[in-house]
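Below is one structure, written out as structure tokens; comments come after it.
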Amino acid sequence: MNKDFDGKVVLVTGAGSGIGRAAARLFAARGAAVYAADLNAQGLQETADLVREAGGKVRTAAIDVAREADVAALLVRIGDEAGRLDAAFNNAGITGGTYALQDYPAEDFDRVIAVNLRSVFLGMKYELPLLLRQGGTIVNTASVAAITGPGGMSAYAASKHGVQGLTRVAAMENAARGVRINAIAPGWTETPMVVANSAQNPAFAALAKQAIPAGRGAAPEEIAEAALWLSSGASSYVHGQLLVVDGGMTIGG
Ligand code: NAD
């Protein structure tokens, strides 16, 4: 395994499951000291066990990424303990319910925006001062819903469109200051939540997957690889982009 993250400190949010867990494992396997953050303490512990069993370095932080005090305190802790931050993967997110826009409960809308979009704002706000010390990268998790309007998912789509906007602004502000900032747009990814939903509605899941040119959903590791690439020196001239990783789901328009 390439150890190109040796000596680097990396923060991954949503690391207790799915794409974030896969990314935490991959960053650690490539030599990084990982700070794994998530609301779900049990999921975090499982991730930490997996990383350590593979010989990797990880510390956990049970935080709500939508709470400014939590995010600020975590970045103070990373500064105090590690003295640096080289890469951040702002990935925690929720889907929210599925309702027609006129039926969408406003409190649910606010929570999805807080967890998916406010979190990315807060993450970057508190990560940047540490990253600017020696340079680094940020990758934010958007979705194909950042470029499409899936019916019933107004809060989710709005939040992910917002992630793309924030990513562009942050990339513009920091491109000349040594911090590269990009986003990824996963398509259908076989994380525990998606697998459980598919099991409840197998006919819908089969139809949805047929509509993907690749004919299948992504493994979380395939999305994590894209985040790693955007966090690595291999993408050194890529700024402010949304990398779509969707098996071709959106290429037909
Ligand atoms: P997941 O549910 O497996 O993992 C998400 C993690 O985020 C969970 O561990 C959860 O506890 C954590 N989390 C949720 N709210 C949080 C909060 N307030 N504070 C801290 N942690 C919180 O889902 P996933 O598929 O791995 O999702 C990761 C990201 O990928 C999300 O931003 C999601 O919107 C995005 N995404 C997923 C898919 C997909 O098909 N799975 C597609 C496109 C985008």
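The values are calculated or read from the model by the stated rules, or taken from the named source; none is laboratory data. Here the structure is a predicted model, which is why all the values come from computation and not from measurement. With ideal geometry, Cβ positions are generated from the backbone for all residues, glycine too; neighbour counts draw on all protein chains shown. Note: areas computed on protein heavy atoms with side chains; ligands, DNA, RNA excluded. Shrake-Rupley method; radii C 1.70, N 1.55, O 1.52, S 1.80 Å.
Listing for the model above:
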item	result
Odd one out for Gly165, checked against (1) open to solvent by 10 Å² or more (accessible area, probe 1.4 Å); (2) touching a helix residue (DSSP H, G or I) at 6+ places or on another chain (Cβ under 6 Å)	(2)
Arg180 being open to solvent by less than 40 Å² (accessible area, probe 1.4 Å) and away from the ligand (no atom under 13 Å from the Cβ)	yes
Leading residue by the ranking (nearest to the ligand (Cβ to nearest atom)) among those in the stretch 42-57 that are over 23 Å from Asn2 (Cβ atoms) and surrounded by fewer than 24 Cβ atoms within 10 Å (Cβ to Cβ)	Gly43
Number of positions in the stretch 147-187 that are in a strand (DSSP E or B) and not aliphatic (A, V, I, L, M)	3
Qualifying residue in the stretch 198-218 (condition: among the hydroxyl-bearing types (Ser, Thr, Tyr), touching a Lys or Arg at 6+ places or on another chain (Cβ under 9 Å), within 14 Å of the ligand (Cβ to nearest atom) and assigned to a loop (DSSP other than H, G, I, E, B))	no
The listed residue being of a type in the set (D, E, K, R) and either over 20 Å from Ser17 (Cβ atoms) or buried (at least 23 other Cβ atoms within 10 Å of the Cβ) (or both), out of Glu190, Glu173	Glu173
Number of the exception - Val10 against (1) more than 10 Å from the ligand (Cβ to nearest atom); (2) touching a residue at least 60 places away in the same chain (Cβ under 8 Å); (3) more than 21 Å from Gly233 (Cβ to Cβ); (4) not acidic (Asp, Glu)	(3)
Those residues of the stretch 219-250 which are touching a residue at least 24 places away in the same chain (Cβ under 8 Å), not in a helix (DSSP H, G or I) and not aliphatic (A, V, I, L, M), in sequence order	Ser232, Ser236, His239, Gly240, Gln241, Asp246, Gly247, Gly248, Thr250
Test for Ile19: is it closer than 24 Å to Ala234 by Cα, of a type outside the set (Lys, Arg) and open to solvent by less than 70 Å² (accessible area, probe 1.4 Å)	yes
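Here is a yes/no grid of residues against (1) open to solvent by 20 Å² or more (accessible area, probe 1.4 Å); (2) among the small types (Gly, Ala, Ser); (3) within 11 Å of the ligand (Cβ to nearest atom); (4) touching a residue at least 24 places away in the same chain (Cβ under 8 Å):
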site	(1), (2), (3), (4)
Met1	yes, no, no, yes
Ala15	no, yes, yes, yes
Ala23	no, yes, yes, yes
Asn40	yes, no, yes, yes
Arg59	yes, no, no, yes
Ala66	no, yes, yes, yes
Gly96	yes, yes, yes, yes
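Conditions tested, residue by residue: (1) closer than 19 Å to Leu44 by Cα; (2) touching a residue at least 60 places away in the same chain (Cβ under 8 Å); (3) open to solvent by less than 10 Å² (accessible area, probe 1.4 Å).
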{"residue": "Ile63", "(1), (2), (3)": "yes, no, no"}
{"residue": "Gln102", "(1), (2), (3)": "no, no, no"}
{"residue": "Leu132", "(1), (2), (3)": "no, no, no"}
{"residue": "Gly135", "(1), (2), (3)": "no, no, no"}
{"residue": "Ile138", "(1), (2), (3)": "no, no, yes"}
{"residue": "Ala145", "(1), (2), (3)": "no, no, yes"}
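Rundown of residues vs (1) β-branched (Val, Ile, Thr); (2) in contact with a Cys (Cβ under 8 Å, 6 or more places away or on another chain); (3) under 24 Å from Phe27 (Cα atoms), yes/no style:
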{"residue": "Thr137", "(1), (2), (3)": "yes, no, yes"}
{"residue": "Ala155", "(1), (2), (3)": "no, no, no"}
{"residue": "Met193", "(1), (2), (3)": "no, no, yes"}
{"residue": "Thr250", "(1), (2), (3)": "yes, no, no"}
